[in-house]
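Participant: Pasting a structure here, questions to come.
The values are calculated or read from the model by the stated rules, or taken from the named source; none is laboratory data. The model shown is predicted, which means the values in this text are computed figures rather than measured ones. Cβ sites come from the backbone with ideal geometry, for glycine too, and all protein chains shown count toward neighbours.
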Amino acid sequence: MWGGNSAPVTVFLCDPAHLNTAPMTPVQGKQVIDTLNALKKGTTQDLNPHPYNNFPDFTTGAILPPSAKGYTTFYVPGATWRERVVIDNATGNTFYTNSHYQSFYQVILPPGM
């Protein structure tokens, strides 16, 4: 809402092109959980961790919320080359892309994960 005494609301365009027309599939969800479990165990060699710069995607404009410590991206084992798990290094907020950063799903983790 704009106007009055209200401050503008900041919206981060995680899927501005509306590529995510359906929820993640059960297979994608399991692959994300498997990736996070591998991270928890410290077995990251196959996940190719590397920094994610969080620039708006040049095709869709997709961008994640700003992070005080940046993001790290990981390959998703058993998935296509387009799929990644992206984790905010400051907050631990987790995102999944099945479109090589053209859109994101926010991953809501169960307690203790």
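Participant: Exactly one of (1) buried (at least 17 other Cβ atoms within 10 Å of the Cβ); (2) polar (S, T, N, Q); (3) modelled with pLDDT of 95 or more is unmet by SER103. Its number?
Facilitator: Of (1) buried (at least 17 other Cβ atoms within 10 Å of the Cβ); (2) polar (S, T, N, Q); (3) modelled with pLDDT of 95 or more, only one is false for SER103: (3).
Participant: Consider VAL85 against the criteria (1) assigned to a loop (DSSP other than H, G, I, E, B); (2) in contact with a helix residue (DSSP H, G or I) (Cβ under 9 Å, 6 or more places away or on another chain): it satisfies all of them except one. Which criterion is unmet?
Facilitator: It is condition (1) that VAL85 fails.
Participant: Do we have THR97 as among the polar types (S, T, N, Q) and surrounded by fewer than 18 Cβ atoms within 10 Å (Cβ to Cβ) here?
Facilitator: It is false that THR97 is among the polar types (S, T, N, Q) and surrounded by fewer than 18 Cβ atoms within 10 Å (Cβ to Cβ).
Participant: Would you please name the residue that is farthest from PRO16 (Cα to Cα), looking only at residues in the stretch 55-74 that are modelled with pLDDT of 95 or more and aromatic (Phe, Trp, Tyr)?
Facilitator: PHE74
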